[in-house]
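Presented below is the structure to which this report refers.
Since every read-out is calculated from the coordinates, none of them should be taken as a lab result. Computed from a predicted model, the values in this text were never measured in an experiment. With ideal geometry, Cβ positions are generated from the backbone for all residues, glycine too; neighbour counts draw on all protein chains shown.
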Amino acid sequence: MNTRRRIVSAGALVLLAAGLIAACGDSSSTSATVTTTAMVTETTTEMVTAAAETTTAVMTTANEDTIYTEDNTTIDVVTGDSVTIQLPINPSTGYTWVPYFPMEYMQLSDEILETESDGAVGVGTHEQWVIAVNTPGPAEIVFDYFPPGSGVASERSVTFTVNAS
């Protein structure tokens, strides 16, 4: 947790410095803004990566539901069951996860989970999907992580292999 605070603090200082430089209005402010934007994007990516590294491959809820959280996890299920996948996200950054799964599968839910800080800006949380596995055989569920803006390439990809019997 201490690492997250340092990362968030560093990002805030970078934003403050960019604002001060931009307020000066000299010709170097454009260069400083571009550099600052790159640093903030890198910091955001590091925060999500750090959050992902602290998760385990599988979690079990109180009612014995299994939640899958780690890249390259193989999931064995019976056709007709559902799979719950949970990934780290920070809604205040504008980054989004986009899921891709076989046409025969059905997304039952997509929910951003509440945090202990009640949605405070800059605090990460998790996004959770429930997907019904409606066809037997092997398949992949892939999640791509996109930065804000259109036409931008994914910064990260997470794959789950589903074996449905």
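For this structure, a couple of remarks:
- Region 57-164 gives an Rg/Rh value of 0.98, both radii derived from C-alpha positions and Rh following Kirkwood.
- Label zone at THR96 (point 7 Å along Cα-to-Cβ), backbone N below 13 Å, region 144-159: 144-152
- Full extension of the chain between SER154 and THR66 gives 29.0 nm of extra length, using 0.36 nm per residue less the Cα-Cα distance.
- Estimated FRET transfer efficiency (ASP81, ASP144; beta-carbon r; R0 35 Å; 0.05): 0.90
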